[in-house]
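Encoded as structure tokens, the structure appears first; notes follow it.
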Amino acid sequence: MADIAARNPAGHPTQQRSGLHKLMQRKSTIAFLMALPLILLITILVAYPAGYAVYLATLNKGMTRFVGFGNFEFLFGRDTFWLVVYQSCLFAITAVIFKAIIGFVVAHFVHNIPAKGQRKWRGMLLVPWVIPPAMSTLAWLWLFDPSYSALNWLLAIMGFEGIPWTGEAGWARFSVILVNVWIGSPFFMIMYLAALKSVPEQLYEAASIDGATWWQRIWYVTLPMMRNIIAITALFSLIVTFANFDIVRVLTAGGPLNSTHIFGTWAFRVGIEGGDIPLGAAVSLFMVPILAVAATFILRDITKRGSEV
Amino acid sequence: MVSMKVNRRRFVAGTAAASAALVAAPFVRSANAAGKLSVGFWDHWVPGANKAVEALVKEWADKNKVEVSMDFITSQGNKLLLTTAAESQAKSGHDVLAFSTWLPSRYADQLVPMNEVMEPLIKENGAVNGTVEYLGKVNGKWLAVPATSGSQIKGPCSRIDLLKKHAGIDIQAMYPAGQAPKADAWTLDNFLKAAEACQKGGNPFGIGLGATSDSVDSAGALFHAFGAQLVNAKGDIVVKNDQVRQVLDYYKKLMQFLPPDVPSWDDASNNKFLVSGQGTLIMNPPSAWAVAKRDAPQVAEQLWTHGFPMGPKGRYAPFLPYFWGIWNFSKNQSAAKSLITFLSQASAAEKMTNASQGYDLPAFEKLTTFKVWAEESPPKGTLYHYPNPHNHQTLSIAAAPAPHKIAEQIYTQAIMTQMVVRYAKGEAMDKTLDWAAKELEGFTRN
């Protein structure tokens, strides 16, 4: 569409066009104008709140004076904060690793299903991802219910002891990670499936002729061809998982003994429930520089490989 | 959010006769007080309870020719809390808003002083309990008016049959309907024995130790019963004291007789536990009983709401008030005060209490003997002792008397229940106290 609009047939009668007209005919101008609604939306809904959060994080508890990095300094001295840092890293890294492995394996299974039945499987496997997490987590909450857990009921039928899914720190951490993996794996699956489909068949044929084993085909053909997608998916998922809120909030509300709090839920507890909005803002912003640096390196690597190709 | 518009009429001088009526007179008397009023009420979870509030507001609006828009904002998912925070930040929103327990003090600088409303109300309806005064009045200034709708006592609600069967306690004899309690034997020692007996009998007590309000309130009342303070009224951290050690020891014993999953209970867990027929006793307002009446009538007819057991320093029960406050950015403050005054009259309070099946509690001492509490059934009189009609127990809030900014953090971060669980799960007493002291130290920052 932009190409059509930018077309400038030679010998057009209005050779003497105004500067503005010229500007409007440029591809980049049209692209900018078309992206403008989205830019405005992002500015209003993302950039402004992010900037405001930075501003809030520099205020004292009463929001009456500027304290610079005072809130961050305060956080560094709190045991609970470091517990939250540990739990957030454990939650995000473990969940992303499992989502990537499960997504990779399932993508291969789906890729090998004959094309006729593949669509149904793809649709069914995407279900956990398309249900709003707050809703599906409620279903998990009932499965993990302290007193009436359906899972424990099944365990009891099989003669096993019930598990305190959300009542004991270790199990509660396991439960929130499990639900996150359940919800997020389909995203990895669909991304990896798309990547798999774009690997040229000739590469596998050539590898087979060279006598490559199943593992060698994966290691030397599939993985290098999927590297960029794997990096982007992992990065995207890492950011989203670090920023998770709903799963922990619905399932454990950060308990027991703060053992499942992640940045989002603890920021909410401190800022909104506890009335210390600047400290809550500081908690929620803590990961921004770390994730920004990670994103820069990963994206730079991808760009580098892209230009090599 | 449920939204409703009432009446579209201008407030004109011609309504002077109406505005001269009882409650409106001091406030709505000039054209400046006319116009619109926007009110955000707490969305009641008892079906039909909002209707009573709507009807009352409509009556007031008709009388005063003020256009009122009402929103019923749920506290589920902290919607009301978020609305309050957003309005505070934006300095725009409702004129009158329902503020939960700690919010009047949190937003003290943004609320219109309500002394001129509270003083006549106290004269008329009697004094308010100490907890309401602690939460709603700061530096001699009333920041908000205690609301009937949503205010509650979280006292014990017990199974008559199971307490008798397992522990030999006749709770109806201790708390007879229509009479003062005869509960001298209802002490924390006997409470512990009863908890043990009921647990052995297969129907344990269900007292949560999670991070939500029900758990924190129960712990708060027991801490008060031992005189155990974490931070005193001056703001000094005093957590390492004998009373705190005693209450932690007591809770450690009690926890052996509670379901093992109580550290992960939320505010719904205890209700489910009682309604399912498993539990003998929970700490809750009559919402669990109301649900049982609908879903498990055979359980409901065995439920009795009564007072807390007495500890070494007295008998305390958690009181959680809602407040109605006026933002200082409200453009119609006199009409707002008039509406709140109207809603705080005895007749209005009784209508709200009736519509909520006795759940709502006015905070004023002369308003604790409405018929609904004596007459609600089954069994008849089950709610008689719910509003504490004989002042049998001190109504309290966890973390009081600490300064509000610290107490609110103790409450919302569930420091008491966390201490209990840490110690009960085997952590050394000194380590638990050190942990608490460090957390408390963090709450004192300005």
Report task. Would you work out the charge dipole size for the protein assembly as shown about its Cα centre, treating the Cβ of every Lys and Arg as +1 and the Cβ of every Asp and Glu as -1, and quote it to the nearest 20 debye? Result -> 1940
Report task. Have a look at the protein assembly as shown and give its Rg and Dmax from the Cα atoms, expressed in angstrom. Result -> 30.5, 106
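In the neighborhood of B:Thr353, defined by Cβ-to-Cβ distances under 12 Å, what is the net charge if each Lys or Arg adds +1 and each Asp or Glu adds -1? List each step's numbers first, then the result.
Numbers: positive: B:Lys351, B:Lys371; negative: B:Glu350, B:Asp360, B:Glu375, B:Glu376.
Combined, the nearby Lys, Arg, Asp and Glu give -2.
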Query raised in the report: Among rounded, prolate and oblate, which fits segment A:177-275 when a ≥ b ≥ c are the square roots of the eigenvalues of its C-alpha gyration tensor, a/c under 1.5 means rounded, and a/b larger than b/c means prolate?
Result: prolate
Query - Summed side-chain charge close to A:Asn244 - residues other than A:Asn244 whose Cβ falls under 15 Å, Lys, Arg +1, Asp, Glu -1 - result: +3
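In peptide A:268-274, how many Cβ atoms from other protein chains are near each Cβ within 10 Å, on average? Can you show the working numbers first?
Values: counts 3, 5, 4, 1, 7, 10, 10.
For peptide A:268-274, the averaged partner shielding equals 6.
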**Report entry** Centroid-to-centroid separation of segment B:237-310 and segment A:232-247 [C-alpha atoms, Å]
**Finding:** 38
Query raised in the report: Each residue of segment A:96-103 in turn: what ³J(HN,Hα) in whole Hz from Karplus with 6.51, -1.76, 1.60 and θ = phi - 60°, glycine and Pro shown as x?
Result: 5, 4, 5, 5, 5, 5, 5, x
Report task. Add +1 for every Lys or Arg and -1 for every Asp or Glu among the other residues with Cβ under 14 Å from the Cβ of A:Glu168, and state the total. Result -> +1
**Report entry** In degrees, nearest ten, helix B:415-424 long axis to first principal axis of chain B (Cα)
**Finding:** 10
Report summary line: Descending packing, highest mean Cβ count within 10 Å first, for A:203-212, B:263-272 is B:263-272, A:203-212
Requested in this report: Among DSSP beta bridges whose residues both lie in the protein assembly as shown, state the antiparallel percentage, nearest 5.
Outcome: 65
Report task. Would you list, by chain and number, the lysines whose Cα falls below 27 Å from the Cα of A:Lys27, excluding same-chain residues fewer than 8 positions away? Result -> A:Lys304
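Values in this text are rule-based calculations from the coordinates and carry no lab data. Small disclaimer: the values here were computed from a predicted structure and weren't measured. Note: ideal-geometry Cβ built from the backbone for every residue, glycine included; neighbour counts use all protein chains shown.
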